[in-house]
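So the structure is just underneath, and the comments pick up after that.
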Amino acid sequence: MASKFLASPIRRFLAKAHRPSASWPRHLSTAAAAAEAASPVYEDPDAGIVMKGVRISGRPLYLDMQATSPLDPRVLDAMLPFYTARYGNPHSRTHLYGWESDLAVESARAQVAALVNASPKEIVFTSGATECNNISIKGVMHFYRDKKRHVITTQTEHKCVLDSCRHLQQEGFDITYLKVGSDGIIDLEQLRSSIRPDTGLVSVMAVNNEIGVIQPMEEIGKICKEFNVPFHTDAAQALGKIPVDVDKWNVSLMSLSGHKVYGPKGVGALYLRRRPRIRVEPQMNGGGQERGIRSGTVPTPLVVGMGAACELAMKEMEYDHKRVSSLQERLLNGIKEKIDGVVVNGSLEKRYPGNLNISFAYVEGESLLMGLKEVAVSSGSACTSASLEPSYVLRALGVEEDMAHTSIRYGIGRFTTEEEIDRAVELTVKQVEKLREMSPLYEMVKEGIDIKSIQWAQH
Amino acid sequence: MTILPFISLTLPRRSSLVELGPASINRTGPNRMPPNKRNVEGCCTAGTFWKLKLRASMASAAAKTPTRSEVLSLFRCLLRTGRDFCDYNVREYTKRRTIDAFRSNRSLSDQQSVSAAYADGKEQLAIAKRQAIVYSLYSPKVKSIMELNQV
């Protein structure tokens with residue numbers, strides 16, 4: 001028993017002895033100006049992290065689950081044997097290394113298929129949901145290019161879908177971008193009326209990555225079945241979070257991503273319906289692996305990781321969903337209790353609870369994000385946060401420019417704790433109050449002046 | 001880490017041991033190690049686990065159901081292993097998930113599901129032990145903000 005009490009101070013002492021020597025910080029400080037480009041991150045157990053001119057005392061708490069999710073330790077455990085001893089190519093038919101890798105790939109395929117209620121023969125492994133979306137949209141339309149020239153999609157799709165559609169538009173296809181309501185859900189009547197005899201594909205994502213709203217998949221599936229149009233959905237954010245059933249939704253193609261379900265990055269899966277068969281033109285040509293649809297060696301460790309992640313998701317979906325819903329309520333109520341002028345972007349009822357996109361009125365977005373450096377959140381999606389313009393998804397929702405700029409997306413996941421939520425609430429409220437105190441617009445609002453009626457003077 | 005039961009107190013403990021002989025008097029279950037061979041810390045090492053498995057296979061068929069003390073010991077081992085993780089989120093998750101899983105399976109009474117759950121728990125314990133080591137090998141030098149401010 002006594003050894004336990006001695007163990008931790010001893011460990012700490014040993015850790016201190018192994019720390020980098022005291023001369024290292026001095027080298028950086030004297031050469032800081034020149035070396036900043038060469039060594040952008042500096043970590044020290046005492047002083048915290050300095051990166052890009054920002055100093056934080058420790059690693060931020062992670063609330064950006066829509067960008068990517070941490071790898072579940074059980075998934076890593078399933079993957080490691082295939083990085084160490086079982087490194088064979090699954091397409092080698094002549095030796096044990098190939099046979100065991102092939103077995104692993106096939107069992108992973110079955111695990112992924114089980115989560116979406118499909119047959120393993122309908123799953124094709126790719127490098128991620130972006131590649132799946134490319135294969136679906138460009139592949140399907142190129143295959144049926146003689147008869148079908150029209151694609152229907154929404155304005156809030158992921159950038160890769162919109163970019164593929166733009167590419168098709170340059171080739172001469174017609175694309176209809178459906179408008180969404182202010183709650184983020186598409187109008188089914190508008191969808192029905194846009195379907196033409198030469199419509200080759202309808203592409204609607206199941207759960208939006210920025211605002212988290214869930215589209216009415218079953219109804220869209222029914223409409224597509226009625227008109228016999230293939231239905232593609234990007235289910236990267238939906239997999240493992242809400243029940244996904246390819247038969248109930250009547251989807252012909254579905255894009256799945258590994259790193260959104262606590263799996264590894266760099267792997268995804270494409271579901272291709274066999275009855276009725278949907279044909280695609282392959283985007284990656286080669287040796288004919290994956291039924292000719294995606295040639296290239298199947299990365300065994302990544303695929304095994306995705307399979308393990310999907311199996312875990314199936315077991316834990318109910319537990320995670322309950323927990324994430326209660327955490328979302330805690331976050332939203334915590335923020336709303338302390339500050340006003342908080343708007344949730346997107347429908348609150350038809351939404352995946354782990355994605356909360358909030359706009360704070362009378363606050364400037366970039367400064368809010370810079371003040372929230374101890375919380376890893378994002379404003380807009382990871383794809384668009386590099387540019388300064390507000391996200392196109394929020395613009396499609398009809399959110400005004402100033403509110404769109406101050407939107408923050410909180411992503412809650414399996415590993416988020418109550419204490420992290422409380423800390424995030426505390427930090428957000430503090431930062432918003434600080435910014436609002438400085439804001440003259442907020443002063444005017446408190447006095448009762450209507451912002452929209454102000455005539456701004458021209459200089 | 002999903003299906004592990006709390007065995008109810010009405011499960012027979014000593015009654016099934018009478019036929020095993022006088023050496024079993026000091027034990028509380030057919031698979032329990034004699035005190036002097038038990039690991040002082042109480043945590044199951046790999047060696048203990050394999051010895052337990054051997055004894056389990058040698059004991060009578062009725063003993064396949066884990067006893068209450070075995071289940072409790074597994075619970076404690078899982079919690080203790082979870083504490084060794086360097087990553088704040090994984091540590092909290094392991095603790096929370098173990099408690100919730102055991103709590104939700106408290107009412108399992110069917111022998112087969114109980115043994116299946118126990119076996120699953122043992123597997124999860126092995127995974128947790130391995131991953132605790134792997135995570136500690138690659139842990140970042142700076143800790144998470146949540147840990148720093150707690151200290």
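For the reader, a short list of remarks on this structure follows.
- For A:Arg291, the accessible area of its heavy atoms, probed at 1.4 Å with every protein chain present, is near 120 square angstrom.
- Computed E for A:Glu426/A:Arg395 - FRET, C-beta separation, R0 30 angstrom, nearest 0.05: 0.45
- Our coupling estimate for segment A:95-107, obtained by passing each phi through the Karplus curve with A = 6.51, B = -1.76, C = 1.60 and θ = phi - 60°, is 9, 4, 4, x, 5, 5, 5, 5, 4, 5, 5, 5, 5 Hz, Gly and Pro reported as x.
- Sequence of A:Ile449, A:Ile335, A:Ile214 from largest to smallest accessible area, 1.4 Å probe: A:Ile449, A:Ile214, A:Ile335
- Listed residue pairs exceeding 19 Å between alpha carbons, taken from A:Lys373/B:Lys95; A:Lys52/A:Lys373; A:Lys315/B:Lys122; A:Lys159/A:Lys179; A:Lys241/A:Lys336; A:Lys225/A:Lys248: A:Lys373/B:Lys95; A:Lys241/A:Lys336
- Share of carbon and sulfur in the accessible heavy-atom surface of segment A:383-459 [1.4 Å probe, %]: 52 percent
- Local electrostatic count, A:Gln215, Cβ distance below 15 Å [Lys/Arg +1, Asp/Glu -1]: -3
- Segment A:Lys373-A:Glu226, extension gain: residue separation times 0.36 nm, minus the distance between their alpha carbons: 47.9 nm
- Using just its DSSP H runs of length 4 or more, each adding -39500 (n - 2.57), chain A gives a mean residue ellipticity at 222 nm of -13000 deg cm²/dmol after division by all residues.
- At least 30 Å² accessible surface lost relative to isolated chain, residues of segment B:101-146 (1.4 Å probe): B:Ile127, B:Gln131, B:Tyr135, B:Pro140, B:Lys141, B:Val142, B:Ile145, B:Met146
- Charge sum, other residues only, whose C-beta stays under 15 Å from A:Trp456's C-beta, Lys/Arg counted +1 and Asp/Glu -1: -2
- Estimated buried accessible area (total), pair A and B, 1.4 Å, Å² to nearest 100: 2700 Å²
- Residues of segment A:319-360 buried by at least 40 Å² of accessible area upon assembly of all protein chains, compared with the chain on its own (1.4 Å probe): A:Tyr319.
- Solvent accessible area, Å² - B:Tyr135, 1.4 Å probe, full protein context: 40 Å²
- 5 angstrom amide H check on A:Thr126, placed H, neighbours 5+ away: A:Gly268, A:Ala269, A:Leu270
- In plain terms, the chain from A:Tyr97 to A:Gln169 could stretch by 21.4 nm, reckoned as 0.36 nm per residue minus the Cα-Cα distance.
- Accessible area per residue (1.4 Å probe, heavy atoms of protein chains only) ranks B:Arg91, A:Arg145, A:Arg277 as A:Arg277, A:Arg145, B:Arg91, with the largest value leading.
- Heavy-atom accessible area order for A:Arg93, A:Arg414, largest first, 1.4 Å probe: A:Arg93, A:Arg414
- Surface analysis of chain A yields an accessible area of 48 Å² per residue, using protein heavy atoms and a 1.4 Å probe.
- Accessible-area value, A:His158, 1.4 Å probe, nucleic acids and ligands omitted, Å²: 40 Å²
The values are calculated or read from the model by the stated rules, or taken from the named source; none is laboratory data. This one's a predicted model, so the numbers in the text were calculated from it and none came from an experiment. Cβ: placed from backbone, ideal geometry, glycine included. Neighbour counts: every protein chain shown. Only protein heavy atoms, including side chains, enter the accessible area calculation; ligands, DNA and RNA are left aside. Shrake-Rupley method; radii C 1.70, N 1.55, O 1.52, S 1.80 Å.
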